[in-house]
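The values are calculated or read from the model by the stated rules, or taken from the named source; none is laboratory data. No experiment lies behind these values; they were computed from the predicted model shown. Here Cβ is always computed from backbone atoms with ideal geometry, including for glycine, and neighbour counts include all displayed protein chains.
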Amino acid sequence: MDDKIWRYAMKGVRDLQPYIPGKPIETLERELGIRDSLKLASNENPLGASPQALEALQTALTPTMLALYPDGNGFMLKQAIADKLKVTPEQITLGNGSNDVLDLIARTFLGDRRDAVFSQYAFAVYPLVTKAVGAKAHISRAHPASHPTAPYGHDLHAMLQQIRGYTHVVFIANPNNPTGTWLDAETLDYFISRVPKHTVIVIDEAYFEYVAHADYPNTLQWLERYPNLVVTRTFSKIYGLASLRVGYAVSSPEIADLLNRVRQPFNVNSFALLAASAALHDDTFVSQSCRSNQAGLKQWEQACQTYQWFYIPSVANFITVKVGENADAIYQQLLQQGIIVRPLANYQMNEFLRISIGTQEQNQRCIDALSQLVQKPC
Ligand SMILES: *Cc1c(COP(=O)(O)O)cnc(C)c1O
């Protein structure tokens, strides 16, 4: 008899495919015995971290800070976020990265005989948190490759049609990773107004601070109108604090209270709380990062036009480029040259690579390497 312990794991867990992270620099350098490699694989900030956050950390690094548990309620950080966003601290849920918040939402609202709806090519964490709790992932088809402004982007009309009585969560990334496509205020507001009241709508705004479009929505304004709306943001991207793991949700106090019940008591550590509070006020670093990213996006778009590579127009801090059928071989060859990007086969985008926007020199290094490897116009 086959009594392997594997068989006794929950079905949702047995069917899970683990998240595939970007390859860490140390791993590549250890494997190949090389140096000076460049990671453009996880949408980290190429300018590093907010200097104000760094300074706060340096003064806080004491034995006492290490020895004591963090403030489990994150009072200071919640207050700082609430002041900045003009919401109340009762509306905020802190997480160990916004990934943690997405997980809390799934554990609060999903389970057996419920489903979550999200788009094809949406962020890979949505199916993970959904299936882990035994719920069904209902995938809605994305815009086609020929779409004029958002190829492979979320099609909200298609998504609306997928929502059923047992759909309890809808995940929308705006802008989306790995496509970099975005939804304007009017389109998104219309969608939200049509979603049933018993369905929680999660708008994942991990790249919020990078978007400079006049039509990009201020979703926090809608929280009063839609008590089933949750907006998530993170300190991992523009604030440059990915290693500390801190993100948050803004919602109705009712939803925040529910999420708080399943939250680990000390899910955000003291250093993350402190650094995030400092980074939140570092407008200089945020605007510098934003400008650098705009320039980098332009640099990549021009390169794609020069070499005739198809790319998905992006408003985030990465660009997804079609490099052809041998994308995996190209990924491997870039690794040999010390350049780490993100292959997208796990998103069924086998001919694409997702490349984070770096500094001008980093972008050029990657563009030059790629121009030697991509065979023909894509
Ligand atoms: C990077 C990213 C996140 C944030 O991850 P953290 O857990 O906050 O580091 C969330 N959503 C999307 C779409 C992302 O790309």
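Counting the residues of the range 234-255 that are over 14 Å from the mean Cα position of the chain (by Cα) and under 16 Å from F318 (Cα atoms) gives 0. Of the residues making up the range 301-323, just one is more than 19 Å from M349 (Cα to Cα) and of a type in the set (G, A, S), namely A303. N228 fulfils the conditions (1) without any contact (Cβ under 8 Å) to a residue 40 or more places away in the chain; (2) within 16 Å of the ligand (Cβ to nearest atom); (3) crowded, with 20+ Cβ neighbours inside 10 Å except for a single criterion, (2). Could you list, in sequence order, all residues of the range 340-369 that are closer than 16 Å to L297 by Cα and either modelled with pLDDT under 95 or surrounded by 21 or more Cβ atoms within 10 Å (Cβ to Cβ) (or both)? V341, L353, R354, I355, S356, I357, G358, N363, C366, listed by residue number. Within the range 233-248, residues that are farther than 11 Å from D100 by Cβ and in a strand (DSSP E or B) sit with their Cβ atoms under 8 Å from residues that are among the aliphatic types (A, V, I, L, M) and within 9 Å of the ligand (Cβ to nearest atom), at 6+ positions apart or across chains, in these pairs: R233/A206. The set of residues from the range 102-131 being surrounded by 19 or more Cβ atoms within 10 Å (Cβ to Cβ) and under 12 Å from the mean Cα position of the chain (by Cα) comprises L102, A122, F123, V125, Y126.
Could you list, in sequence order, the residues of the range 25-56 that are within 15 Å of the ligand (Cβ to nearest atom) and either free of Cβ contacts under 8 Å to residues at least 24 places away in the same chain or basic (K, R) (or both)? Listed by number, the list holds a single entry, K39.
From the set of residues in the range 200-217 that are touching a residue at least 40 places away in the same chain (Cβ under 8 Å) and surrounded by fewer than 21 Cβ atoms within 10 Å (Cβ to Cβ), which is nearest to R164 (Cα to Cα)? This residue is Y216. Residues that are touching a strand residue (DSSP E or B) at 6+ places or on another chain (Cβ under 6 Å) and crowded, with 17+ Cβ neighbours inside 10 Å occur at least once in the range 296-307.
From the residues in the range 78-116 that are closer than 21 Å to Q17 by Cβ and without any contact (Cβ under 8 Å) to a residue 60 or more places away in the chain, which one is nearest to the ligand (Cβ to nearest atom)? My answer is D103.
Determine which member of the set L334, L353 is closer than 16 Å to G180 by Cβ and either touching a Phe, Trp or Tyr at 6+ places or on another chain (Cβ under 7 Å) or hydrophobic (A, V, I, L, M, F, W, C) (or both).
Details: L334 fails: closer than 16 Å to G180 by Cβ.
The conditions single out L353.
Counting residues in the range 51-71 that are assigned to a loop (DSSP other than H, G, I, E, B) and small (G, A, S) gives zero.
In the range 317-339, is there at least one residue being closer than 27 Å to G97 by Cα, surrounded by fewer than 20 Cβ atoms within 10 Å (Cβ to Cβ) and either polar (S, T, N, Q) or out of contact with any Pro (no Cβ under 7 Å at 6 or more places or on another chain) (or both)? Scanning the range 317-339 turns up no residue that is closer than 27 Å to G97 by Cα, surrounded by fewer than 20 Cβ atoms within 10 Å (Cβ to Cβ) and either polar (S, T, N, Q) or out of contact with any Pro (no Cβ under 7 Å at 6 or more places or on another chain) (or both).
The residue that is nearest to A369 (Cα to Cα), among those in the range 303-333 that are among the hydroxyl-bearing types (S, T, Y) and within 16 Å of the ligand (Cβ to nearest atom), is T320. Which ones in the range 73-126 are assigned to a strand (DSSP E or B), closer than 20 Å to P253 by Cβ and touching a helix residue (DSSP H, G or I) at 6+ places or on another chain (Cβ under 6 Å)? The answer is I92, T93, G95. The condition of being basic (K, R), modelled with pLDDT under 95 and more than 16 Å from the ligand (Cβ to nearest atom) holds for R7.
For the range 10-22, filtered to residues that are away from the ligand (no atom under 16 Å from the Cβ), part of a loop (DSSP other than H, G, I, E, B) and of a type outside the set (D, E), the residue that is surrounded by the most Cβ atoms within 10 Å (Cβ to Cβ) is L16. Select from the range 196-210 the residues that are within 23 Å of the chain's Cα centre (by Cα) and closer than 24 Å to G111 by Cβ and write down the one among them that is nearest to the ligand (Cβ to nearest atom). By that ranking, first place goes to D204. Among the residues making up the range 159-190, those that are of a type outside the set (K, R), more than 21 Å from D215 (Cβ to Cβ) and away from the ligand (no atom under 16 Å from the Cβ) are Q161, Q162, I163, G165, Y166, T167, H168.
Considering only the range 249-267, how many residues are within 14 Å of the ligand (Cβ to nearest atom) and part of a loop (DSSP other than H, G, I, E, B)? The qualifying residues number 1.
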